[in-house]
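The values are calculated or read from the model by the stated rules, or taken from the named source; none is laboratory data. Values in this document were obtained by computation on a predicted structure and should not be read as measured data. Methodologically, a virtual Cβ is constructed for each residue, glycine included, from the backbone with ideal geometry; neighbour enumeration extends over all protein chains shown.
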Amino acid sequence: MAVTETVAAVANNATGMVALSAAIAIAASAFAAAWAEKAIGSAAIGAMAEKEELFGKGLILTVIPETIVIFGLVVAILIIGLAG
């Protein structure tokens, strides 16, 4: 009985590590996107305060960092898919 319990504990640990690594991939990319969006957003607001025509460019530049989160999601899906 001790061997089967040990094998089950190792399997649960491996599953937990896969889930943890997928969560780290998403969390790290979300923090990076938030940090980038903070800098870009404040610069875009400052530019739009001086020139209202820059609204479209500011909006596009504000949305671009969100693709970092999509890349993090893709990496997390790959981690889960390759592990299981």
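Residues that are closer than 22 Å to residue 78 by Cβ, modelled with pLDDT of 75 or more and either in a helix (DSSP H, G or I) or among the small types (Gly, Ala, Ser) (or both) do not occur anywhere in the stretch 5-12.
Yes or no: the stretch 48-58 includes at least one residue that is within 12 Å of the chain's Cα centre (by Cα) and in a helix (DSSP H, G or I). Walk me through it before giving the result.
To start, the set of residues in the stretch 48-58 that are within 12 Å of the chain's Cα centre (by Cα) comprises none.
Within the stretch 48-58, not a single residue is within 12 Å of the chain's Cα centre (by Cα) and in a helix (DSSP H, G or I).
Among the numbered criteria (1) at pLDDT below 90; (2) within 18 Å of residue 76 (Cα to Cα); (3) small (Gly, Ala, Ser), which single criterion is violated by residue 33? It fails just one condition, (1).
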